Every structure is written in structure tokens, then in C-alpha cells.
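Trainee: Got a structure here, written out as C-alpha cells. Questions coming.
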Amino acid sequence: MNKKHIVLFDMDGTLTPPREEFDKKLLESLRELSLFAEIGIVTGSDIDYVKSQMKTIIRFSELRYETHLLPCNGTKHYMPPKFPDDSYELVHEMDMEKHLSKGCFRQLMMILAASQENMCYSEIPLTGHFISYRGSMINWCPIGRNANPEQRKQFIEIDNSVSPSLRTRELGKLSYRINLRCRNDIAVKLGGETSFDIYPKGWDKTYALKHFPDHICWFVGDRCGEGGNDKEIYDLLNKENRAFQTKNTHQTDIIIRKIIEEIKKKSKEKDSQLDWV
């Protein structure tokens, strides 16, 4: 079959439990999917997290030859290798500091540093590596990227103990400060379960679609609601019934099999039309 479909997956909460390794129970369904479509992993995380969490696929599985890596919302694109000795090749990368200007970028960092100080007055655990600049986006994690699973669990419980949640409140405050002091074309989104993603508007996960203009694109993700970093691409592709929201890796497996059936159905319809002609 001439592969004209690509299925883009979020990583954390979709292909992996949050901040954990790939769920190997998905291997069988992904292998079947690869017979009908290419695969893409589009995540807010940078390439180091992708390599760590998805090593089962990108190092030890034949799926590595069918899987595009799209870290930082797809503002970076790593092409799959063609031969066993090949590595993933970086073919596209954006520069947030250059895009915003050094002055604006500095203001943005100062705002995030002040926001981190304000969050320290809460009873949340504090570890380290709070602000991570990934070249084309910034990730701010109030408890720190060094948090262990128990500290993450503690923060999530504190975050959800109030309504609206701690992060949802901070999301509105942070967006206001950035628009007031820096510029109003910077987006702030909830990233995963503990952090915020900050990037120029338009550099959300719909950016990944630019790399596949000749493909029929599908998407599966878990953060598709208001404030989530999957919302824009979900809303766009859902207009044509090619987007799915998942709750966990088990549901992702069910969705993959549904997409396979949908692609098969579309292929049969196309073949039927050709036969009629």
C-alpha cells in the first residue's frame, strides 16, 4: 500500500504513563498500524526525554524505520533511519530566542523566575531544574524536573485539592504577566501533569502538520481540553474525525485498532471508486 497516512501520537499519558517508559503492550497494535500508516511522536518534551522514554521503539524495534520524532511540539523534526547503522536525522529546528528577540526572551525568563519564587510559598515539593529552555520552547515545572514519582504524586494531589486547580490559576496569571510585560503572541499551556509549556503562538502541535503536507494526518493525545497542549491539533483534526482523546495507554491501544479499521475502510472505498471508473 502506498502510505499516505500518518498517525501522530502524544507521548506522556498516551504512549507512556507520565514520565515513564513506553508501554510495551502497545507494540502489537503499533506494528499492525505500521502496515497502513507512518507513525509520529509529537510531544512537548525535548529529544532527550523521547530517547529515554521511547527507547523500546527507536532503538530496539523495527518500528524505528517508520517512526518520526517530533519533540518540542514538532518544532524539531527527526527523520527515521533507513538502515540499521543509521541514526535519527534532525532535519528541522526552530529558535525561540531568535524569533522573539533577545530582549523579549530575557523578559520572559525574568517573569518565569519571579513566578517560580511565588510558587515556593506553597506547600509543594521543590527539587531542581525548574526552567528548561529547549531551543524552540520553554518548560516551567514548579516542583522541578528532578522530582521523583512520589514528589510528582504529592504535587498532583495539592494541585487538584482546590478548584480551579493550582496550575489552572497560575496559567491565567502567567499569561497576563507575559502579555503585559513582554508580548501577546506567546502561548502558555499546561504541560503533562506538573508543568507549563511556553512558546510563540502557532508553535503548538499543529506545527507538526507542516512536515507532512502530502499525508492524511491522524492524532491521538490525552491533554485535549482547555489549556491542554494537545487541544489545537485535536480540535483541527477532529473536524474531519481524525483525532482521538485517550485517558491512558490501554485506551490508546483500543484507539489504534479503531484507526486501523478506519484506514482500511477508506482504502476499500478508494479502490471501489477506481474500479467504477
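Trainee: Checking Gly192 against (1) small (Gly, Ala, Ser); (2) on the phi > 0 side of the Ramachandran plot; (3) surrounded by 18 or more Cβ atoms within 10 Å (Cβ to Cβ); (4) without any contact (Cβ under 8 Å) to a residue 60 or more places away in the chain, which test does it fail?
Mentor: Gly192 satisfies all of (1) small (Gly, Ala, Ser); (2) on the phi > 0 side of the Ramachandran plot; (3) surrounded by 18 or more Cβ atoms within 10 Å (Cβ to Cβ); (4) without any contact (Cβ under 8 Å) to a residue 60 or more places away in the chain except (4).
Trainee: Which of the residues belonging to the range 199-228 are surrounded by 23 or more Cβ atoms within 10 Å (Cβ to Cβ), out of contact with any His (no Cβ under 9 Å at 6 or more places or on another chain) and under 26 Å from Lys98 (Cα atoms)?
Mentor: Tyr199, Asp204, Lys205, Tyr207
Trainee: Working only within the range 226-254, note down all residues that are under 14 Å from the mean Cα position of the chain (by Cα) and in a loop (DSSP other than H, G, I, E, B).
Mentor: Gly227, Asn229, Asp230, Thr246
Trainee: Scan the range 72-84 and tell me whether some residue there is buried (at least 17 other Cβ atoms within 10 Å of the Cβ), more than 19 Å from Asp214 (Cα to Cα) and not aromatic (Phe, Trp, Tyr).
Mentor: The answer is yes; a qualifying residue exists.
Trainee: Tell me whether the range 188-198 contains one or more residues that are assigned by TED's automatic domain parsing to the domain that holds Tyr78, aromatic (Phe, Trp, Tyr) and either under 13 Å from Cys72 (Cα atoms) or assigned to a loop (DSSP other than H, G, I, E, B) (or both).
Mentor: no
Trainee: Next question. For the range 164-189, how many residues are free of Cβ contacts under 8 Å to residues at least 12 places away in the same chain and either in contact with a Lys or Arg (Cβ under 8 Å, 6 or more places away or on another chain) or of a type in the set (A, V, I, L, M, F, W, C) (or both)?
Mentor: Residues that pass the stated criteria total 1.
Trainee: Name the single residue that is farthest from Ile233 (Cα to Cα) among those in the range 25-71 being of a type in the set (Phe, Trp, Tyr) and out of contact with any Ser or Thr (no Cβ under 8 Å at 6 or more places or on another chain).
Mentor: Top of the filtered list is Phe60.
Trainee: Would you pick out the residues in the range 36-69 that are in a strand (DSSP E or B) and not hydrophobic (A, V, I, L, M, F, W, C)?
Mentor: Glu38, Gly40, Thr67, His68
The values are calculated or read from the model by the stated rules, or taken from the named source; none is laboratory data. All of these numbers come straight from a predicted model, not from anything done at the bench. Cβ: placed from backbone, ideal geometry, glycine included. Neighbour counts: every protein chain shown.
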